[in-house]
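> So that we are looking at the same thing, I have put the structure below in C-alpha cells.
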Amino acid sequence: MLFSEHNFAHNRLNTGSIEVICGSMFSGKTEELIRRLKRAQFAKLPTEIFKPAVDIRYAAADVVSHDLNSIPSTAVSHSSAILLLSADTKVVGIDEAQFFDDELINVCNQLANKGVRVIIAGLDMDFQGNPFGPIPPLMAIAEHVTKVHAVCVQCGAPANFSYRIVENENRVLIGEKDSYEPRCRSCYFHVDHQ
C-alpha cells in the first residue's frame, strides 16, 4: 500500500459522523441506541452517553428502553454540557434528543468534526404530527438516518405517529403507555376527524 493510500484509509477511520435513529413512541429507538453503544463499548471505544435531565421516567441517570434494557448515562440540562463532558471520547450517544435545545445541532457538528461518532435517538414528530425539536435538522446533516416503526395498536400496521390518549395540550408531556399509543397514519388521522 502506498503511503498516501494508507494515510487516506487512516483518516477515513478517524472521521466523525452523525447517526440519527428516529420514529414514534414505542418504536425501539432507545433499544437501537443502546445496541449500537454496547457494540462500541465491546470494541473498547471510549464512549459517553447523555440524556436530557427532564427525562426521569425510568431512572435519573441511566438511559432505559421500554423493554427495561439500560446503559449508564449522564443527565444534562443543556446540550452545551455535552461538549464539556465528552473530551477524549470516540463515541457519543444522545437519547431523547427532541427534548434538547436547538444548540444540539451545533454540538453534534462540532463533535463529528473532531472525529467523534455521534449517535442520536429521538422522536421526529410530536403528538400533533409536527416536526419535533432539533431532530429534523439533525436528520438533514446526518450521514445515516434510521427510521424505526412501532406497531399500530388499532390495526396492527406499521406505526409512525405518537397518539396522545390523555387530555393535555402541552407540546412536551413525558409519559408512557398511560399517555401515548403508536398509530399508523390512517388510524392517527381517522381518530382526529371523528
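Every read-out reported here was derived from the displayed coordinates using simple, explicitly stated rules and does not represent laboratory data. Because the structure is a prediction, the values reported are computed rather than measured. Glycine gets a Cβ as well: all are built from the backbone with ideal geometry, and neighbour counts include every protein chain shown.
> How would segment 16-149 be classified by its alpha-carbon gyration tensor: rounded, prolate or oblate, with rounded meaning a/c under 1.5 and the a/b versus b/c comparison settling the rest? Working shown, then result.
Working: a/c = 1.34, a/b = 1.14, b/c = 1.18.
Rounded.
> Amide H to amide H under 5 Å from residue 76: which residues, 5+ apart in sequence or cross-chain, H placed 1.01 Å off N in plane?
The list, which skips near neighbours in sequence, is 51, 53.
> Sticking with this structure for a sec: Let me check against my output: what whole-number percent is the relative contact order of segment 16-149, with C-alpha pairs under 8 Å and at least 6 apart?
40 percent
> Using a Förster distance of 22 angstrom, determine the FRET efficiency expected from the C-beta separation of residue 113 and residue 74, and round it to 0.05. Can you show the working numbers first?
On the way: r = 22 Å, r/R0 = 0.98.
For R0 = 22 Å, the calculated efficiency reads 0.50.
> Taking the simple approach of a point 7 Å from Cα along Cα-to-Cβ for both residue 84 and residue 31, what is their distance in nm?
3.6 nm
> Here's a follow-up. So what is Rg over Rh here for segment 88-141, counting just Cα atoms and using Kirkwood for Rh?
That ratio equals 1.00.
> Percent of Cα-Cα pairs per 5 Å bin, from 0 to the last occupied bin, for segment 117-175, please list those.
Taking every Cα pair in segment 117-175, the percentages come to 4, 15, 24, 22, 19, 11, 4, 1.
> Based on the mean of other beta carbon atoms within 10 Å per residue, what is the order of 19-25, 155-161, 105-111, 46-52, most packed first?
In decreasing order of mean packing, 19-25, 155-161, 105-111, 46-52 become 19-25, 46-52, 105-111, 155-161.
> Can you tally the net charge around residue 154? Count Lys and Arg as +1, Asp and Glu as -1, for every other residue whose Cβ sits under 10 Å from the Cβ of residue 154.
Net charge in that neighbourhood comes out at 0.
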